[in-house]
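Note sheet for the following structure.
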Amino acid sequence: MGLGPRSPHKVGRRFPAGGKRGRRAKGSGRPLPGSKRQPWPPPDRRSEPPPDSHPHLSPEALGYFRRALSALKEAPETGEERDLMVHNIMKEVETQALALSTNRTGSEMLQELLGFSPLKPLCRVWAALRSNLRTVACHRCGVHVLQSALLQLPRLLGSAAEEEEEEEQEGEDGKDGPTETLEELVLGLAAEVCDDFLFYCGDTHGSFVVRTLLQVLGGTILESERARPRGSQSSEAQKAPARECKPADFEVPETFLNRLQDLTSSFLKDIAVFITDKISSFCLQVALQVLHHKLPEFCAYLCNAVIGYLSTRSSSVDGSPLLLFLRDQTSSRLLEQVLLVLEPPRLQSLFEEHLQGQLQTLAAHPIANFPLQRLLDAVTTPELLSPVFEELSPVLEAVLAQGHPGVVIALVGACRRVGACQAKVLQLLLEAFHCAEPSSRQVACVPLFATLMAYEVYYGLMEEEGAVPAEHQVEMAAARALGDVTVLGSLLLQHLLHFSTPGLVLRSLGALTGPQLLVLAQSPAGSHVLDAILTSPSVTRKQRRRVLQNLKGQYVALACSRHGSRVLDAIWSGAALGARKEIAAELGEQNQQLIRDPFGHHVARNVALTTFLKRREAWEQQQGAVAKRRRALNSILED
C-alpha cells in the first residue's frame, strides 16, 4: 500500500500549486476566455431582439430614478414618509419598467429599488413586464432584473403583514392594483418557461432566470446564488445592503413544488442536450442541488436518468462509457454534481460498476481529476473509503507532481470525515514530501505541507538521486523565513489538525519560531491553520498553549495585521485570565501604535486596553466576569 522507502520520482520535487479549473487553467483542457470567442450573441440562438425594439430611457428619466434611489437610501428605515416615497417611485417604475430593465444603468437601479419594494408595487412592475417576458429574460440587463424580482420572494411570501397590506392598499389603489397575486405571477413565469424549456435553458441569459426560478420554486436559495453579486451591478450597488441575502430555505406553497416537479420532467425529455450543452447543463446542475434539498426522491430519479443515459453510450476502450464523459469539459461538471447528491448506497454501486480500478487514471487527467475530487468529497462510509484509498495511496506523490493536489487534499478530507486510514495517509504524505526518513525531518512537515514543496526544494538542498537523505538541521530551519502558504496547503493542515491524533503536526507547529508562526497567522490562507488549532476537538488545551506560546513578543505585529488581528481575537476569546493579562501587558507597551493602526485599534478596544492601563482592578473584575459567563455557557453546551 505504501510508497516504499523512496518514491521513483525525482528528489527535490516542487509540487505545482494545483490545477485551476476554467479560466487560465494550465493543462485543464479548457479554452481560455479570449481564444476563438463566439459571436455575441451566438448565431444559432436569438438571445436578444434588435436594440431598436427596446423602448428608450430618456436622460431626464434616468436622472429622476437616480435621485429617487439616492433619496430613498438616505430616508429613515421606517415611517409613513418612507412608505409614501417608495409607493411614488414604484408608480413611476411601473410606467417605464421595460425601458429601465433593458438599460444598463436603469437595470442596476431597478434591481436596488426592487429590494425596497413592498408586495403590491413589485407585483405591478412584474405584471408590466409580463407581456415582454422573453425580451427581458433574454436581455443581458433585463435578466438580472427578473432574478432580483424572484429573489424578493423569501422576503415577501407568507409574510404576516401581507394580508394587512393588501387590505390597506385595496381601498387606496383600487382599480390600478395587480390582477394577479405574487404566487400567480411566479407560476405564470414558470408555465411560460416550461412551455419553451429548451430555449430558455439554452439561452446565454435566459438560463440564469431558469436557475433562479428553480431555486425559488424549491424554497432553497443556494449559497453560490446568495454570495454572488448580480452580474450587472455597479460597484456602488454591490456595496448596498445585501437585501437579497436570504436564509437558505423558506416556505413555499405546494403549487411551487408541483411546478418544480413539472420542470424536472422537462429535463428528462431532452436529457442528451442537458448533458452535452454547456449552457443548458448549468440548469440541470442547479436542479439537482435544489431537488436534493427539497425532493430527494426526484433528485435520485434524475441522477439515475443521467447515469443510465451515459452508461448506454459508446463503450470506452478502457472500461465504462462513463469514463469518457468524466474527461469531457461539459459533462464532467454535471457528473461532479451527480456525485455530490447521490445517496451513499447508490454512490457505492456507481463506484463499483464504473470507477473501480480507474481512479489513478482519473487522478492524472487534467479534467477528470475534478469529478474524482467530488467523489472523494462525497465519501462518508468506510466501505467506500477503503477501496478508494487502496487504489490512490500508491500514487500520491505522482498526483502532486502532476499539479493535482486537490485530489490529495480531498482524500485526506475523506479520511478525516470517515475517521479511518488517518495514520496511513499521514505516513504517505511524509514520504511524498520527502520528510519521512530520517525521522528528524518529520518536525519540518508543516512548512512543507503549507507551501506544497518537497523537503529538498524548500530548504534549497542539492541531493543526488539515490543518495542517503541528510538529517534535518534545526538551525537551518530556524533561519529560513516561512514560505508562501498556499490555499490547498492550508486546507491540508486543517484536515490533519482534525485527525484523531494530530500530535506530529502539532510538534512541527511548535518547532516554528515566533516570526515564522507570525507569518503563518498573517497569511490569508495560513490564518485558518491557527483557527483549526483553536477549534479542533482533537487538540488539547495543553497542546494548544504549547504552540501559541511562540507568539509571545509578536502580539503587536499580529494585532496590526488584517488576518493576524482576527487570529488574535480568536486567541483572546479562548484565553484564561492569566493569558489575557500577558497579552494585554504586551499590547499596552505599544498602545499608541495600536490606536493609530486600522486593525490594531479594534484589537485594543476588544481587549479594553485603556481600562487595563488606567484601572487594572476594574479590568480584572470585568474579565473575570466574562470568564465566568463563558464557563457557565460551556457547561450548558456540554450538558
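The values are calculated or read from the model by the stated rules, or taken from the named source; none is laboratory data. What you see is a predicted model; the values in this text were computed from it and never measured. Note: ideal-geometry Cβ built from the backbone for every residue, glycine included; neighbour counts use all protein chains shown. In case anyone asks, the SASA skips ligands and DNA or RNA and just uses the protein heavy atoms, side chains included. Shrake-Rupley method; radii C 1.70, N 1.55, O 1.52, S 1.80 Å.
Residue by residue through region 602-619, note down the ones that are among the aliphatic types (A, V, I, L, M) and either under 17 Å from Leu568 (Cβ atoms) or under 40 Å from the mean Cα position of the chain (by Cα) (or both). Matches in region 602-619: Val603, Ala604, Val607, Ala608, Leu609.
For region 343-366, the set of residues classified as under 22 Å from Glu390 (Cβ atoms), open to solvent by 20 Å² or more (accessible area, probe 1.4 Å) and either out of contact with any Asp or Glu (no Cβ under 9 Å at 6 or more places or on another chain) or hydroxyl-bearing (Ser, Thr, Tyr) (or both) consists of Pro345, Arg346, Ser349, Glu352, Glu353, His354, Thr361, Ala364, His365, listed by residue number. Candidates are the residues of region 35-74 that are under 16 Å from Asn103 (Cβ atoms) and among the hydrophobic types (A, V, I, L, M, F, W, C); the one that is modelled with the lowest pLDDT is Leu57.
Which residues, counting only those in region 103-144, are polar (S, T, N, Q) and more than 24 Å from Asp195 (Cα to Cα)?
Kept after step one, since they are polar (S, T, N, Q), are these residues of region 103-144: 103, 105, 107, 111, 117, 131-132, 135.
If the condition is that a residue be polar (S, T, N, Q) and more than 24 Å from Asp195 (Cα to Cα), then Asn103, Thr105, Ser107, Gln111, Ser117 are the ones that fit.
Taking region 567-578 as the range and being under 10 Å from Gln522 (Cβ atoms) and open to solvent by 40 Å² or more (accessible area, probe 1.4 Å) as the test, no residue passes.
For region 613-627, name all the residues that are of a type outside the set (S, T, N, Q) and in contact with a Leu (Cβ under 8 Å, 6 or more places away or on another chain). Spell out the reasoning first.
So in region 613-627, the residues of a type outside the set (S, T, N, Q) come out as 613-620, 624-627.
Scanning region 613-627 gives Glu620, Gly624, Ala627.
Residue pairs whose Cβ atoms lie under 6 Å apart, separated by 6 or more positions or on different chains, with the first residue in region 470-497 and within 29 Å of Leu411 (Cβ to Cβ) and the second surrounded by 14 or more Cβ atoms within 10 Å (Cβ to Cβ) and basic (Lys, Arg), are His472/Arg441; His495/Arg416. Scanning region 49-108 for residues that are exposed (fewer than 15 other Cβ atoms within 10 Å of the Cβ) and of a type in the set (S, T, N, Q) returns Ser53, Ser58, Ser70, Thr78, Asn88, Thr95. Among the residues of region 515-539, how many are of a type in the set (A, V, I, L, M), under 14 Å from Ala481 (Cβ atoms) and open to solvent by 30 Å² or more (accessible area, probe 1.4 Å)? The number of residues fulfilling the criteria is 1. Scanning region 188-246 for residues that are of a type in the set (Asp, Glu) and over 20 Å from the mean Cα position of the chain (by Cα), we see that the one that is modelled with the lowest pLDDT is Glu236. Cβ separations smaller than 7 Å between residues 6+ apart or across chains give no pair from region 583-594 residues that are under 9 Å from Tyr555 (Cβ atoms) to residues that are at pLDDT 95 or above and open to solvent by 80 Å² or more (accessible area, probe 1.4 Å). If only residues of region 416-437 that are farther than 19 Å from Leu376 by Cβ and part of a loop (DSSP other than H, G, I, E, B) are counted, the one that is most open to solvent (accessible area, probe 1.4 Å) is Glu437.
Number of residues in region 548-584 that are polar (S, T, N, Q) and within 16 Å of Pro515 (Cβ to Cβ) equals 4.
Step by step: first the residues of region 470-505, then only those that are more than 22 Å from the chain's Cα centre (by Cα) and open to solvent by less than 10 Å² (accessible area, probe 1.4 Å), then the one that is farthest from Tyr555 (Cα to Cα). Which residue is that?
That would be Phe499.
Among the residues of region 253-265, are any at pLDDT 90 or above, acidic (Asp, Glu) and in a helix (DSSP H, G or I)? Within region 253-265 (the criterion being at pLDDT 90 or above, acidic (Asp, Glu) and in a helix (DSSP H, G or I)), the answer is yes, since at least one residue qualifies. For Met462, the conditions (1) closer than 24 Å to Gly403 by Cα; (2) touching a residue at least 60 places away in the same chain (Cβ under 8 Å); (3) open to solvent by less than 70 Å² (accessible area, probe 1.4 Å) all hold with the exception of (3). Just so you know, in region 306-357 the residues that are in a helix (DSSP H, G or I) and among the basic types (Lys, Arg) include one that is nearest to Ile279 (Cα to Cα), and it is Arg333.
When Ala444 is tested against the conditions (1) in contact with a His (Cβ under 7 Å, 6 or more places away or on another chain); (2) surrounded by fewer than 17 Cβ atoms within 10 Å (Cβ to Cβ), the lone failure is (2).
Would you list the helices (runs of 4 or more DSSP H) that sit entirely within region 542-639 and hold 3 or more residues that are hydrophobic (A, V, I, L, M, F, W, C) and under 18 Å from Asp531 (Cβ atoms)?
On the way: elements: 555-559, 562-574, 577-588, 591-596, 600-607, 609-614, 616-638.
Passing ranges, in order: 562-574.
Looking at region 192-211, which of its residues are more than 18 Å from Lys269 (Cβ to Cβ) and not charged (D, E, K, R)? Across region 192-211, the qualifying residues are Thr204, His205, Phe208, Val209. Criterion applied to Val379, Val399 was being among the aliphatic types (A, V, I, L, M) and farther than 29 Å from Leu284 by Cβ, and the one residue passing it is Val399.
If Gly319 satisfies all but one of (1) modelled with pLDDT under 95; (2) open to solvent by 30 Å² or more (accessible area, probe 1.4 Å); (3) at negative phi, what's the number of the condition it fails? Against the list (1) modelled with pLDDT under 95; (2) open to solvent by 30 Å² or more (accessible area, probe 1.4 Å); (3) at negative phi, Gly319 comes up short only on (3).
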